[in-house]
Each structure stands twice: as C-alpha cells, then as structure tokens.
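Contents: one structure, followed by commentary.
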Amino acid sequence: MKNFIDEARIFVRSGKGGDGAIAFLREKYRPMGGPAGGDGGKGGDVIFEVDEGLSTLRDFKYRPRLVARNGEPGRGKEQYGRAAEALTVKVPPGTVVIDEAGGDLLADLVLPGQRAVIAQGGAGGRGNMHFASSTRQAPRIATPGGPAQERWVRLELRLVAEVGLVGMPNAGKSTLLSALSAARPKIAPYPFTTLTPNLGRVILSDLESFTVADIPGLIEGAHQGHGLGIRFLRHVSRTRILVFVLDLTSDIEHDFATVRREIAAFDPELAKRRALIALNKTDLVSSDHAAAGARTMRRTAGWDVFCISAQERSGLEPLIEALAAGLRELP
C-alpha cells in the first residue's frame, strides 16, 4: 500500500500564555476602585490522541507543523483573558513520539482514546489586581504569559498485534495471514512482495480473538537497514508471540538462523520472546521431507513446530490452537 507511512517528522508548538493586564477601575460611583487588571489566559496544549480508525501516519506528510493558539491577554475591570483551546491531533494505535533533540520518549500511544500532552501551553500572566497591598495600593505590575513550548518530534508507528509472522521473503507469510484471518494482503510470486506490514484478526469465538501482523521479509543485514530493514523490524516489537514461517522448499535451517540473528541484532530481548515455527508449503514437498524438517527444527530450536500449507489452508487448526493457548498463558 503506497499510502502506508510509518514515520514522520513534525514541528509542534504550544500556545503562549496571555499577558496579565495593568488597569485601574474608574467608575462614577467607585472613586477608589483601585487596580483591576485581569489575568491572561492559558496557551493551548498540543495533544495527541489515539484513533482506532487510523492505521498510517500519512496525514502528517501534509501537516508537518502543529501550532496551538495563544491565550488572550487580560483586560481591565478584572476581566480574565480567554484560555486557548488545546490542539488535539489524532494518531493511529501504536504511535511512538520521540523528542528529536534529546531522543527522549515522550509518549507511547496504544490504547483507544489514550492521550498525551506533547507540548504544554504557557500559563497565563497575572494582572495587577493581584499585587495590591496596604503599602502598594496602585501597583503598576503584571506578569507576562508563560512561553510556548516548541520542539521537533519524530513519530514512529509500531503495529499493535499479539502475534507476529516473521521469515525470509516469499516464505508465505502474507498467504498465511490471509488463511488465518479476514485480511486480504496483496500477494505475488516474487521476493519482497509485501512492502508494508499487514494486520489480520483471528476470530476464535465471540469472546476470544487475536491480531496477527505479517512483517515484510527479513534478509541478512536487515538490522542495519538492508532490504526492508529496520523500518519494519520495529513492527515486531509489540508482538507477544513470534511465528517463524519457513519455506520447506528452501534451506530451513539457514533461513531460521538468518531471521533469528537479525531479530536478535535489532533487539536482544525480542529474540527471547515466546515463539514457534510454521513449516510452510507442505503441498510442494513430500510428507517424509516435511516430517524430517519438523524433527530438525524441534532439535534446533526446541520449540513447537507445525507443518502447514497456507496455500491449501491445511494444518492451520493446530497452529491457531497453540497460538491461542500461548496468549492465554502470557500476562
């Protein structure tokens, strides 16, 4: 999907607080009215809020600057300036907000409706009505509004899915996703057919389901940006279970070692995550070849191994049951 964008760099600035006013009350029947300068209004915050209906950061390509309004200054007759409304910006679930200058994580927005203040609006200044005292009855003092907060931030989208399908290009991950769920990713018979991550939902019952992410194929050096590289490796970071999809018509031991090495190089903790193996394309090899491959991978990885054909949709039930059971056990 050419409209899928999972990175963005934007400038955000909150609103400046309104200045406090210096004013004196002069009314016909209140000759000793005294100081009456009101406070300034608070500047608007810049707030990011999760919207379940979004799945890409594409909108930020056309909106690289987010600037909130300033608060109004105070007025005479003890009238306060109006506070500016917050600028609320919708983002897809899984958006990570990073301060570009310091590299600090500002927000990790996952849950529907979750909100985070990315730039805090300045406080309103105090008017001179606050500075009157017995010894200073006509103060000409007011404080300015608080400054706006501005920064460049980097947005990264990390898909929210319980299960991640990983493997070499053309291992059949997209076909498996479409077989497991209602997702219909675009599939073609050549490497890197999947250029964007795809999500699908596996419905077990009215009360139980889980989301599966098809991560574009990994190759040697992916953690250094080779092939589709780091850009898509990060989409694996939120998954709770990894499924290594291996092509039985290829060298499964070599492919498994390559993919696992790249994941470990990207994030050592990710390599320790719960995982299982799906040996795909049993429709293209003999049953003896598939059984031998399963024995080899059980011995190599020590994980559960399932022989499947995503194309023929065979052998999927045991795989789905194992994933559901694993998710139930995990916190």
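Listed conditions (1) touching a His at 6+ places or on another chain (Cβ under 6 Å); (2) modelled with pLDDT of 90 or more are all met by Thr300, apart from (1). Between Ala101, Ala123, Ala138, Ala86, the distinction of being open to solvent by less than 60 Å² (accessible area, probe 1.4 Å) and touching a residue at least 40 places away in the same chain (Cβ under 8 Å) belongs to Ala86 only. Restricting attention to region 141-157, the residues that are open to solvent by 50 Å² or more (accessible area, probe 1.4 Å) and over 17 Å from Gly43 (Cα atoms) total 3. When region 263-303 is limited to residues that are more than 18 Å from Ala322 (Cβ to Cβ) and not in a helix (DSSP H, G or I), the one that is most open to solvent (accessible area, probe 1.4 Å) turns out to be Lys272.
The combined condition, being modelled with pLDDT of 85 or more, part of a helix (DSSP H, G or I) and open to solvent by less than 10 Å² (accessible area, probe 1.4 Å), is fulfilled by Val259. Does Arg234 fit the bill of being within 30 Å of the chain's Cα centre (by Cα), in contact (Cβ under 8 Å) with a residue 12 or more places away in the chain and open to solvent by 70 Å² or more (accessible area, probe 1.4 Å)? Considered against the rule, which asks whether it is within 30 Å of the chain's Cα centre (by Cα), in contact (Cβ under 8 Å) with a residue 12 or more places away in the chain and open to solvent by 70 Å² or more (accessible area, probe 1.4 Å), Arg234 comes out as no. Could you look through region 141-196, keep only residues that are aromatic (Phe, Trp, Tyr) and at pLDDT below 85, and pick out the one that is farthest from Leu106 (Cα to Cα)? Top of the filtered list is Tyr190. When each of Val236, Val305, Val245 is tested for being of a type in the set (A, V, I, L, M) and either modelled with pLDDT under 85 or on the phi > 0 side of the Ramachandran plot (or both), the lone residue that passes is Val236.
The values are calculated or read from the model by the stated rules, or taken from the named source; none is laboratory data. Values in this document were obtained by computation on a predicted structure and should not be read as measured data. Methodologically, a virtual Cβ is constructed for each residue, glycine included, from the backbone with ideal geometry; neighbour enumeration extends over all protein chains shown. Keep in mind that these areas ignore ligands, DNA and RNA; they rest on the heavy atoms of the full protein, side chains included. Shrake-Rupley method; radii C 1.70, N 1.55, O 1.52, S 1.80 Å.
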